[in-house]
Amino acid sequence: MNFDDYQRAANRTLMGKEQVLTNCALGLTGESGEVADLVRKYTFQGAELDKSHLTKELGDVLWYLSQIAEWADISFDQVATENIKRLQQRYPAAKHHLNQVKP
């Protein structure tokens, strides 16, 4: 699945039309906080890293990101492609590895 396919599929589950941007931005911060909390517990409390739970929370973050891009009429594929280009410029030593990513 590419990012644009994901974005379209995820958009089918978006509820409501009012305050979509605010809802998605706040949802993103909440889900990011859940990811951070899993990492905090792993790092500082000796908890096992629950990869299944982490995968779920990362998926929730991805959903909110895709819907913010959808709201702004930005292709999620474009977001990913431009991010890789920025990383190539910022980390030229890693450019070989970044070039292996197929947009």
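Coordinate-derived values only; no laboratory data. These numbers come from a predicted model, not from an experiment. FYI the Cβ positions are ideal-geometry reconstructions off the backbone, even for glycines, and counts take in every protein chain you see.
Distance between the pseudo-spin-label points of Thr13 and Asp50 (7 Å out from Cα toward the beta carbon): 1.8 nm.
Could you give the dipole magnitude of the chain about its Cα centre, charging the beta-carbon of Lys and Arg +1 and that of Asp and Glu -1, in debye to the nearest 20? If you can, show how the numbers build up before the last one.
Values: 12 positive and 14 negative charges, 88 e Å.
Rounded to the nearest 20 debye, it is 420 debye.
Relative contact order, whole percent, for the stretch 3-72 stands at 52, derived from Cα pairs under 8 Å and 6 or more residues apart.
Which length gain, in nm to one decimal place, applies between Ile84 and Trp71 when the Cα-Cα distance is subtracted from 0.36 nm times their residue separation?
On the way: separation 13, 0.36 × 13 = 4.68 nm, distance 2.20 nm.
Result for the pair: 2.5 nm of gain on full extension.
The slack in the chain from Thr22 to Asn99, taken as 0.36 nm per residue of separation less the alpha-carbon distance, amounts to 24.2 nm. In the list (1) -0.39, -0.68, -1.21; (2) -0.51, -0.88, -1.45; (3) -0.45, -0.79, -1.15, the label attached to log10 I(q)/I(0) by the Debye sum over Cα atoms at q = 0.11, 0.15, 0.24 Å⁻¹ as derived from the coordinates here is (3).
Farthest towards the positive end of the charge dipole of the chain, among the residues Trp63, Thr13, Val39, is the Cα of Val39, using unit charges on the Cβ of Lys, Arg, Asp and Glu.
The distance between label points at Tyr6 and Lys41 comes to 2.4 nm (points 7 Å beyond Cα on the Cα→Cβ vector).
Mean residue ellipticity, 222 nm, helices only, the chain: the sum of -39500 (n - 2.57) across DSSP H runs of n ≥ 4, divided by residue count and rounded to 500, is -24000 deg cm²/dmol.
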